[in-house]
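Written below as structure tokens is the structure these notes are about.
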């Protein structure tokens, strides 16, 4: 029930641990890398390593999921989309703005 943060280069060292509401089975990242989304429902700012929000549904129940999509749009047109691996896609083809 914790998110452990390590350095990505040698010597590998643990920097900090962030307590979570549940055990994360998956951690998603925003396309720009600013946010981490553990499947336990927290939204974590990567720079400060702090929990900004806890995802909740319309009944204020905590939401947890390993599935996520990030969509950017401009004037009703989808310009970029990410996936649960934090990989961004551009040039989405012939998408139409909503009618």
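When the chain is fully extended, how far beyond the present Cα-Cα distance does residue 50 get from residue 34, taking 0.36 nm per residue of separation?
That works out to 4.6 nm of additional length.
Pick out which of 19, 11, 38 has the largest mean-square fluctuation in a Gaussian network model of the chain, springs linking Cα atoms closer than 10 Å.
Of 19, 11, 38, the most mobile in the Gaussian network model is 11.
Using R₀ = 30 Å, calculate the FRET efficiency as 1/(1 + (r/R₀)^6) where r is the Cβ-Cβ separation of residue 13 and residue 66; round to 0.05.
The calculated FRET efficiency here is 0.60.
If I take all pairs of Cα atoms in segment 1-56, what percentage of them are more than 18 Å from each other?
On the way: 457 of 1540 pairs.
Taking all Cα-Cα pairs of segment 1-56, the fraction more than 18 Å apart is 30 percent.
Given a Förster radius of 30 Å and the C-beta distance between residue 59 and residue 85 as r, what FRET efficiency does 1/(1 + (r/R0)^6) yield to the nearest 0.05?
0.50
Please state the relative contact order of the chain as a whole percent: Cα pairs under 8 Å, 6+ residues apart?
Relative contact order of the chain: 17 percent.
Can you give the FRET efficiency for residue 26 and residue 74, using 1/(1 + (r/R0)^6), R0 = 25 Å, r = Cβ-Cβ distance, to the nearest 0.05? Before the final figure, lay out each step's value.
Numbers: r = 29 Å, r/R0 = 1.17.
Result of the calculation: an efficiency of 0.30.
At q = 0.11, 0.24 Å⁻¹, what log₁₀ I(q)/I(0) does the chain have when each alpha carbon counts as one equal point scatterer in the Debye sum?
Log10 I(q)/I(0), no solvent term: -0.42, -1.25.
Read-outs throughout are calculated quantities, based only on the coordinates presented, and are distinct from any laboratory measurement. Bear in mind that the values here come from a model prediction, so they are computed numbers and not experimental data. Virtual Cβ from ideal backbone geometry, glycine too; neighbours counted across all protein chains shown.
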